[in-house]
Amino acid sequence: MPDSSRDSAAGAGWRGTRPGAYRELMPTDVPRVSWLNPATLWKARNGTLASLFGDPTGTDRQRWVQARLDGGADPDLLIRRDDPDTYSFLLIADTGEGDDPQYAVVPGLLAVGADTRFAVLSSDVLYPVGSANEYGPKFYRPYRDYRAPIYAVPGNHDWYDGLTGFMRVFCRAPQLRASPRPAVFSRGWWRSLLWKSPDTPDDAALDRARLMRSAPAQAAEQPGPYWALDTGPLRIIGIDTGLLGDIDRQQGEWLRRVSRGPRPKILVTGSPIYVDGEHHPCAIEGGGTVDEVVRDPGNTFVAAIGGDIHNYQHYPVDVDDRRIEYVVSGGGGAFMHATHVIPRVAVGGVTEDEFRCYPMRGDSLAFYSRLYGRRLRMRRLFELTPEQAAAVIGDRLGITPVRHTDAPVTLRTRFVATALGVARRPHHRARLRLPVRKTYTKVLSPGSATFTPPFFKSFLRLDVSPGTVRIRAYAATGLREQEIDPPVEDDFTITLPPDAA
């Protein structure tokens, strides 16, 4: 087994010198997505407008679903596969910026996933706004050599295009007719004044792009933006959490219906339930939460895996007399969200000893310190080595670094940790109040892209048998060593209920 980031700095990619071969796969004419560019933020304005003036996602989603049902889709939006009881599949999320970090995932994914039956893409297929006209370089091209179907659930960025691109690609659905105009001076009317309309798909260009994944073994069509997939001993349920991370009443009723019964289930969602040391149960319109459905013993969920946050986190939560594995797996290609801002974990009965994240907090802080050192032209002040970063994280949170370090904690390293949003121990008198710290962190440690390895990307392989599901999180650094033999950053096995095995 190759070293992982938990074993050595070289395993994290800090000592690598050979860039990966992924660049040979990339197109040369795709503009890089910059989240510091006001034009990019303006394109992605619909999320802010929905939070201020009301979210139309639920209504529009049900128009999409009803059109699919009228066209003959299964009433339960069920996908039935003929997989055996023992098989494997991949899970990736938050993929499509079309630049180096996305393509850096591909070689390792193809190597690890060569024998898998299908892949699930959970959240944010495309950035910045999910346009159908960008699926060529950001979906079809990177995954053209993955010789199996890909199913997907949308994230908030796919909804910035009104879900038009997503539905055209994954469901072959025509564009919806325009909604009736809202009453003048209503909240919907104010929203409509600034709302970004969907791009008109270039169907000829999209048909050409589809040729890159046109082999019979790659064929996949799903019934809607949310669905249930019966595969071997499992049912995988994918939900659509829209722009604001919740689900509408009709989808909630469907979720409760398809979740019943003893068959083991895995939830796939665009909004993780445990993330950044917090619990986000995901509201259902009309009452209740998605996590209540997951925890209900009559529904037999064994895991809930979410995207949206661009890193890997694992929370093994004990619920009554059983365990549910809550996972964040959003490292499929978009810019890296910092893990060093995650406070010392104590949520849902999970402590630091059980919690896992990738990149580890020290590597995350070292990554961002280098980024800001270059960006602010203050490298001597800001840049920390991975060892210095791990030491100051350990000091601030009261935890022992996974990789041993003798680096001293100095006034400078403490300043950098504070500037980039590292939390303090819960009992520390000087700790910022949580809402203040979150705002502070978003300003000083925003999601930012870098095009120089290591990238700290990741994806999952799930190996299913009648009695177990083994989940491994693989790293993708953008370096040749890790492309050839991707390191495993987390590895755990779920035991399926005996009466369902």
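Would you check which residues across segment 207-229 are open to solvent by 20 Å² or more (accessible area, probe 1.4 Å) and of a type outside the set (Gly, Ala, Ser) and list them? Scanning segment 207-229 gives 207, 208, 210, 211, 212, 213, 216, 221. Taking every residue in segment 481-492 that is at negative phi and at pLDDT 95 or above and pairing it with any residue that is surrounded by fewer than 16 Cβ atoms within 10 Å (Cβ to Cβ) and not in a strand (DSSP E or B), at least 6 positions away or on another chain, the pairs with Cβ-Cβ distances below 6 Å are 487/2.
Among the residues making up segment 209-227, those that are outside any loop (DSSP other than H, G, I, E, B) and in contact with a Phe, Trp or Tyr (Cβ under 9 Å, 6 or more places away or on another chain) are 209, 210, 211, 212, 213, 218, 227.
On the stretch given as segment 284-329, residues that are buried (at least 22 other Cβ atoms within 10 Å of the Cβ), in a helix (DSSP H, G or I) and not aliphatic (A, V, I, L, M) total 1. Assess whether residue 383 counts as being without any contact (Cβ under 8 Å) to a residue 24 or more places away in the chain and farther than 24 Å from residue 492 by Cβ. It is true that residue 383 is without any contact (Cβ under 8 Å) to a residue 24 or more places away in the chain and farther than 24 Å from residue 492 by Cβ. Selection of segment 66-98 for residues being closer than 19 Å to residue 125 by Cα and touching a helix residue (DSSP H, G or I) at 6+ places or on another chain (Cβ under 9 Å) yields 90, 92, 94, 95, 96, 97, 98.
Do we find a residue being assigned to a loop (DSSP other than H, G, I, E, B), out of contact with any Leu (no Cβ under 8 Å at 6 or more places or on another chain) and under 30 Å from residue 232 (Cβ atoms) anywhere in segment 89-105? Checked segment 89-105: at least one residue is assigned to a loop (DSSP other than H, G, I, E, B), out of contact with any Leu (no Cβ under 8 Å at 6 or more places or on another chain) and under 30 Å from residue 232 (Cβ atoms).
Is there a residue being more than 21 Å from the chain's Cα centre (by Cα) and open to solvent by less than 30 Å² (accessible area, probe 1.4 Å) anywhere in segment 148-159? No. Restricting attention to segment 24-46, the residues being touching a Gly at 6+ places or on another chain (Cβ under 9 Å) and either open to solvent by 30 Å² or more (accessible area, probe 1.4 Å) or part of a loop (DSSP other than H, G, I, E, B) (or both) number 7.
Do we find that residue 176 is part of a helix (DSSP H, G or I) and surrounded by fewer than 18 Cβ atoms within 10 Å (Cβ to Cβ) in this structure? Spelling it out, it is not the case that residue 176 is part of a helix (DSSP H, G or I) and surrounded by fewer than 18 Cβ atoms within 10 Å (Cβ to Cβ). Filtered by the rule that a residue be at pLDDT 95 or above and either out of contact with any Gly (no Cβ under 6 Å at 6 or more places or on another chain) or open to solvent by 50 Å² or more (accessible area, probe 1.4 Å) (or both), segment 439-458 gives a lone residue, 456. Within segment 348-371, the only residue that satisfies the criterion of being open to solvent by 10 Å² or more (accessible area, probe 1.4 Å) and hydroxyl-bearing (Ser, Thr, Tyr) is 351. Do the conditions hold for residue 84, that is, is it more than 19 Å from residue 242 (Cβ to Cβ), part of a loop (DSSP other than H, G, I, E, B) and open to solvent by less than 10 Å² (accessible area, probe 1.4 Å)? Judged against the criteria, residue 84 is not a match. Only residues that are assigned to a helix (DSSP H, G or I) and either touching a Gly at 6+ places or on another chain (Cβ under 9 Å) or open to solvent by 20 Å² or more (accessible area, probe 1.4 Å) (or both) were counted across segment 47-81, and they come to 19.
Does residue 48 meet the test of being of a type in the set (Val, Ile, Thr) and either in contact with a helix residue (DSSP H, G or I) (Cβ under 6 Å, 6 or more places away or on another chain) or at pLDDT below 95 (or both)? Criteria met by residue 48.
Here's the yes/no breakdown for (1) within 15 Å of residue 337 (Cα to Cα); (2) at pLDDT below 95; (3) among the β-branched types (Val, Ile, Thr):
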position: 350; (1), (2), (3): no, no, yes
position: 355; (1), (2), (3): no, no, no
position: 365; (1), (2), (3): yes, no, no
position: 375; (1), (2), (3): no, yes, no
position: 378; (1), (2), (3): no, yes, no
position: 397; (1), (2), (3): no, no, no
position: 408; (1), (2), (3): no, no, no
position: 411; (1), (2), (3): no, no, no
position: 425; (1), (2), (3): no, yes, no
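Contact map, segment 90-104: first residue under 23 Å from residue 463 (Cβ atoms), second residue surrounded by fewer than 24 Cβ atoms within 10 Å (Cβ to Cβ) and of a type in the set (S, T, N, Q), Cβ cut-off under 9 Å, separation 6 or more or different chains; pairs are 90/116. Taken together, the residues in segment 335-368 that are in a strand (DSSP E or B) and either without any contact (Cβ under 8 Å) to a residue 40 or more places away in the chain or among the aliphatic types (A, V, I, L, M) (or both) amount to 5.
Out of 131, 123, one residue alone is modelled with pLDDT under 95, under 19 Å from the mean Cα position of the chain (by Cα) and within 17 Å of residue 330 (Cα to Cα). It is 123.
Here residue 267 fits the description: under 19 Å from residue 242 (Cα atoms), not in a loop (DSSP other than H, G, I, E, B) and not β-branched (Val, Ile, Thr). Within segment 459-487, if we keep just the residues that are among the aliphatic types (A, V, I, L, M) and under 18 Å from the mean Cα position of the chain (by Cα), the residue that is farthest from residue 328 (Cα to Cα) turns out to be 476.
The values are calculated or read from the model by the stated rules, or taken from the named source; none is laboratory data. What you are looking at is a predicted structure, and each value in this text was computed from that prediction instead of being measured. FYI the Cβ positions are ideal-geometry reconstructions off the backbone, even for glycines, and counts take in every protein chain you see. With ligands, DNA and RNA removed, areas are computed over all heavy atoms of the protein, side chains included. Shrake-Rupley method; radii C 1.70, N 1.55, O 1.52, S 1.80 Å.
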